[in-house]
1. In nm, to one decimal, how far is the Asn95 label point from the Lys154 one, both placed 7 Å along Cα→Cβ?
2. Given the pairs Lys149/Lys230; Lys53/Lys199; Lys55/Lys144; Lys91/Lys144; Lys116/Lys149, which are separated by over 28 angstrom at their Cα positions?
3. Can you give the Rg and Dmax of the chain based on its C-alpha atoms, in angstrom?
4. For the range 2-232, what's the relative contact order in percent, using C-alpha pairs closer than 8 Å and at least 6 residues apart?
5. How are the C-alpha pair distances of the range 14-55 spread across 10 Å bins, as whole percents from the shortest bin up?
6. Given charges of +1 on the Cβ of Lys and Arg and -1 on the Cβ of Asp and Glu, with all other atoms neutral, how large is the dipole of the chain about its Cα centre, in debye to the nearest 20?
7. Do you know the relative contact order of the range 170-235, to the nearest whole percent, from alpha carbon pairs under 8 angstrom that are 6+ apart?
8. How much length is gained if the chain between Ile209 and Gln78 is pulled fully straight, taking 0.36 nm per residue apart and subtracting their Cα-Cα distance, in nm to one decimal?
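What follows draws every value from the coordinates through simple rules; no lab data is involved. Since this is a predicted model, take the numbers as computed values, not measurements. Reconstructed Cβ throughout: ideal geometry from the backbone, glycine too, with neighbour counts over all protein chains shown.
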Amino acid sequence: MQIFVEKDYNAVSEKASEIILNCIRENPRIVLGLATGSTPEKTYKLIAQNYKKNKLSFKEVKTFNLDEYLGLENSHKQSYHSFMKKNLFNKIDINIKNTFFPTEFISPGKYEQQIKDNGGIDLQILGIGRNGHIGFNEPYSSFKSKTRKVSLTKTTIKDNSRFFTNRKEVPVMAVTMGINTIMQAKKIILLASGKNKQKAVLNLITNKISNKNPASILWTHKNVIFLIDKACIKK
Ligand code: GLP
C-alpha cells in the first residue's frame with residue numbers, strides 16, 4: 001500500500017493521469033477499470049489533453065466501467081455511459097466496442113467472465129463515496145460480492161441528486177462490480193479529494209477492516225495506491 005498526499009485536487013489529478021498514462025505506455029493493450037463521479041473528471045481531462053498533444057493511442061485499450069445506474073437510458077445526460085463519452089471516450093481514439101459497462105452483463109458471473117476473457121483488469125481507478133463505498137458497494141456489502149444489482153443508500157441518493165434537476169429522476173438502483181470483482185484487479189488507484197471526503201478517508205486510514213466501510217478491504221490488496229489531497233486529512 002502506498003499513500004500519496006498531494007497539495008490539492010489538481011495535483012491529485014496530475015499524479016493520477018501520469019500513473020495511468022505510464023501504464024498505457026508500458027502496455028498499449030492494457031485493460032482499465034474506470035470510475036465515474038466528479039473526482040476523476042480532471043484526471044480524464046488531462047488524459048484527453050495528453051492524447052491531443054502526444055497522440056498516445058487507445059486503439060488497443062479496453063475499459064470496464066465500475067458501475068452504472070439502473071432506470072436511466074444510456075443516452076441520459078447523467079448516465080455513466082454519457083459521462084464516459086463526454087469526459088474521455090469522445091476525446092481519444094478508443095474503439096467504443098472495447099468499452100464495457102456492467103448493465104450489459106447483469107446475469108451472475110457474466111461481467112466477471114467478460115473481464116476474464118479479456119485478460120483481467122490491469123489497472124482499476126476508484127473514487128470513494130462519503131460512506132466509504134467503492135463502485136456502488138454500499139456499507140455492509142459482502143467482501144465476496146460480484147457484479148450485481150444493488151439498491152443505493154439514502155446518503156448516496158442524496159449525494160447523486162446534485163447532478164439531477166428533478167429529485168424524482170435520481171436513480172435508486174444500480175449495477176456495480178462487486179468488491180471481489182474490484183479486488184481481482186492487478187493494480188488499484190483510489191482517488192479522493194476535498195473536505196467532504198475527510199470522514200471516509202480518515203475511516204479508511206485509521207479504522208479496522210470491516211464491511212461497514214467497504215473501501216477498507218483495499219488494505220489487503222497487494223498493489224494499491226491511495227492518492228489523496230491535504231483537505232482530506234486536515235482537521
Ligand atoms: C458514485 C460512484 C462511485 C464514486 C462516488 C464518489 O457513487 N458510483 O464510483 O466513487 O460516486 O463520487 P465523487 O467523486 O463525485 O465524489
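1. Label-label distance for Asn95 and Lys154, simple model: 4.8 nm.
2. Details: Lys149/Lys230 35 Å; Lys53/Lys199 38 Å; Lys55/Lys144 39 Å; Lys91/Lys144 36 Å; Lys116/Lys149 20 Å.
Too far apart for the 28 Å limit: Lys149/Lys230; Lys53/Lys199; Lys55/Lys144; Lys91/Lys144.
3. 16.5, 45
4. Working: 459 pairs, mean separation 60.6, N = 231.
Taking the mean separation of contacting Cα pairs over the length of the range 2-232, I get 26 percent.
5. 28, 61, 12
6. Working: 39 positive and 19 negative charges, 98 e Å.
Dipole magnitude for the chain comes out near 480 debye.
7. Details: 63 pairs, mean separation 29.6, N = 66.
Averaging sequence separation for qualifying contacts and normalising by length gives 45 percent for the range 170-235.
8. 43.9 nm
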